[in-house]
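Below is one structure, written out as structure tokens, with a few remarks after it.
The values are calculated or read from the model by the stated rules, or taken from the named source; none is laboratory data. The model shown is predicted, which means the values in this text are computed figures rather than measured ones. Note that each Cβ is placed from the backbone with ideal geometry, even for glycine, and that neighbours are counted across all protein chains shown.
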Amino acid sequence: MTHDPVHQPHSTVDHAAMGIAKEHPTWSTYWKVAVILTLITAIEVWIYYIPSFVASRLFVPSLLIMSAVKFVTVVLFYMHLRYDHKLFRALFMGPLIIAAVTMLGLMFLFGKLSIGVGAPN
């Protein structure tokens, strides 16, 4: 009989050897993540109501960065991607990175996002 960890009883399976991450979080982790997401949302709303910041070049990039942080946080914790197999994380993050790079490239191409090089449009 061969050593097959997939077909053994649950108590004897070595999850670390199979590439499966740690146990799912407790309610206190979800509570902390919710507070962090609420704080980021409050900062986004606060930035929107500062007239001098809305007129600056940092307005759109800062909102995009905060939205991306919130997106990644929700995906990792509430969709349990952080605790799933590494293959699922790769299958999700690969196309996401391609989409983000494509979106940023198009924004640079059409002048919706600039890095401050050259004369303003």
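Residues in region 83-121 that are outside any helix (DSSP H, G or I) and either loosely packed, with under 12 Cβ neighbours inside 10 Å or modelled with pLDDT of 85 or more (or both): PHE110, GLY111, LYS112, ILE115, GLY116, VAL117, GLY118, ALA119, PRO120, ASN121. Within region 51-75, the only residue that satisfies the criterion of being among the charged types (D, E, K, R) and farther than 19 Å from MET107 by Cα is LYS70.
Based on what the data block shows, is THR73 in a helix (DSSP H, G or I), more than 13 Å from the chain's Cα centre (by Cα) and among the polar types (S, T, N, Q)?
no
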